[in-house]
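Supplied in structure tokens, the structure appears directly below.
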Amino acid sequence: MSAEKALDKFAKIIESGKLDDLSLTIYYVSPTLLTNMPLPADALKGGKNKIVIDGSRLEEHIDLLSQINGDILVPIESGYPLDARLYFIFNNKNRKIFDVVIKGTSDGSMYVNGLEIEQNDIFYYLILPFLPEDVPEAEGWIDFINARKQEIAENGG
């Protein structure tokens with residue numbers, strides 16, 4: 001399914017308020033991890049850092065969830081290879097709605113359902129409440145996201 005259609009489908013689920021069958025699975029490594037070769041998103045699934053959030057916990061963040069739709073996608077071509085550091089998947093009744101891959105490079109892009117898009121901070125803010133503060137790899141992401149928030153605030157964004 002195209003990224004835009006997937007996000008519009010997600011928006012309809014959020015709008016319906018029926019989040020019981022919705023789940024979010026997050027896989028991650030440190031944003032500063034150095035590797036010999038770029039990591040594909042599936043490589044993160046085999047790691048130790050996995051978080052699963054059910055619909056009742058997601059419901060607490062409905063304001064963030066309701067900001068996600070196909071209109072937020074700005075396709076780009078960065079020219080940099082996919083080098084996954086954070087990968088998350090939204091499922092409804094155990095079927096994928098959409099996934100997001102955040103790269104280890106700072107080229108300003110990420111992927112939604114395979115489409116490279118301009119970095120959109122909503123995807124960072126969405127996972128921030130669920131990252132454990134006591135895990136070093138997650139701590140790197142928490143610091144990174146909070147620094148982005150600070151930068152945006154300072155630039156009047």
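Go through the residues of region 57-65 one by one and say whether even a single one is farther than 16 Å from LEU128 by Cα, out of contact with any Gly (no Cβ under 9 Å at 6 or more places or on another chain) and in a helix (DSSP H, G or I).
Looking for residues that are farther than 16 Å from LEU128 by Cα, out of contact with any Gly (no Cβ under 9 Å at 6 or more places or on another chain) and in a helix (DSSP H, G or I), one finds none in region 57-65, hence no.
Also: Please determine, by comparing only the residues of region 31-43 that are out of contact with any Lys or Arg (no Cβ under 7 Å at 6 or more places or on another chain) and closer than 16 Å to PRO136 by Cβ, which one is surrounded by the fewest Cβ atoms within 10 Å (Cβ to Cβ).
The selected residue is LEU34.
So, in region 124-147, how many residues would count as being surrounded by fewer than 19 Cβ atoms within 10 Å (Cβ to Cβ) and among the hydroxyl-bearing types (Ser, Thr, Tyr)?
Residues meeting the conditions: 1.
Additional query: Pull out all pairs, ordered by first then second residue, where Cβ-Cβ is under 6 Å, the residues are six or more apart or on different chains, the first lies in region 120-140 and is more than 22 Å from ALA3 (Cα to Cα), and the second is assigned to a loop (DSSP other than H, G, I, E, B) and of a type in the set (A, V, I, L, M).
Here the result reads GLU137/VAL29; ALA138/LEU131, each pair linking region 120-140 to a residue that is assigned to a loop (DSSP other than H, G, I, E, B) and of a type in the set (A, V, I, L, M).
Which of the numbered conditions does ASN113 fail, given that it passes all the others? Conditions: (1) on the phi > 0 side of the Ramachandran plot; (2) surrounded by fewer than 19 Cβ atoms within 10 Å (Cβ to Cβ).
Only one criterion is unmet by ASN113, namely (2).
For region 44-51, state whether one or more residues are of a type outside the set (Phe, Trp, Tyr), outside any loop (DSSP other than H, G, I, E, B) and either surrounded by 16 or more Cβ atoms within 10 Å (Cβ to Cβ) or out of contact with any strand residue (DSSP E or B) (no Cβ under 6 Å at 6 or more places or on another chain) (or both). Give the steps one after another, and end with the answer.
Step one: filter region 44-51 for residues of a type outside the set (Phe, Trp, Tyr), giving 44-51.
Applying the additional criterion that residues be outside any loop (DSSP other than H, G, I, E, B) yields 44-45, 50-51.
With the extra rule that they be either surrounded by 16 or more Cβ atoms within 10 Å (Cβ to Cβ) or out of contact with any strand residue (DSSP E or B) (no Cβ under 6 Å at 6 or more places or on another chain) (or both), the set shrinks to 44, 51.
Within region 44-51, one or more residues are of a type outside the set (Phe, Trp, Tyr), outside any loop (DSSP other than H, G, I, E, B) and either surrounded by 16 or more Cβ atoms within 10 Å (Cβ to Cβ) or out of contact with any strand residue (DSSP E or B) (no Cβ under 6 Å at 6 or more places or on another chain) (or both).
Could you tell me which of the residues GLU77, GLU116 is more than 26 Å from ASP21 (Cβ to Cβ) and in a strand (DSSP E or B)? Steps first, please.
Numbers: GLU77 fails: in a strand (DSSP E or B).
Going through GLU77, GLU116 in turn, the sole match is GLU116.
From the list LYS18, LYS12, which residue is without any contact (Cβ under 8 Å) to a residue 12 or more places away in the chain, assigned to a loop (DSSP other than H, G, I, E, B) and among the basic types (Lys, Arg)? I'd like the intermediate steps shown before the answer.
On the way: LYS12 fails: assigned to a loop (DSSP other than H, G, I, E, B).
Just one listed residue meets the conditions, LYS18.
Of all residues being under 13 Å from the mean Cα position of the chain (by Cα) and within 16 Å of ASP42 (Cβ to Cβ) in region 80-90, which is surrounded by the fewest Cβ atoms within 10 Å (Cβ to Cβ)? Just the residue, please. Break it down into steps so the answer makes sense when it comes.
So in region 80-90, the residues under 13 Å from the mean Cα position of the chain (by Cα) come out as 84-90.
If we keep only those that are within 16 Å of ASP42 (Cβ to Cβ) too, we end up with 84-89.
Details: ALA84: 22, ARG85: 24, LEU86: 28, TYR87: 24, PHE88: 22, ILE89: 18.
For region 80-90, the residue satisfying everything is ILE89.
Right, here's the next one. Identify, from the list LEU82, LEU58, the residue that is within 21 Å of PHE144 (Cα to Cα) and of a type outside the set (Lys, Arg). Walk me through it before giving the result.
Values: LEU58 fails: within 21 Å of PHE144 (Cα to Cα).
When all the criteria are applied, what remains is LEU82.
Moving on. Go through (1) surrounded by fewer than 19 Cβ atoms within 10 Å (Cβ to Cβ); (2) under 14 Å from the mean Cα position of the chain (by Cα); (3) closer than 22 Å to GLU4 by Cα; (4) of a type outside the set (Val, Ile, Thr) and name the single condition LEU65 misses.
Checking LEU65 against (1) surrounded by fewer than 19 Cβ atoms within 10 Å (Cβ to Cβ); (2) under 14 Å from the mean Cα position of the chain (by Cα); (3) closer than 22 Å to GLU4 by Cα; (4) of a type outside the set (Val, Ile, Thr), the one that fails is (1).
Quick note: the coordinates plus some simple rules give every number you see, no bench work behind them. The shown structure was predicted, so the numbers you read here are calculated from the model rather than taken from an experiment. Cβ sites come from the backbone with ideal geometry, for glycine too, and all protein chains shown count toward neighbours.
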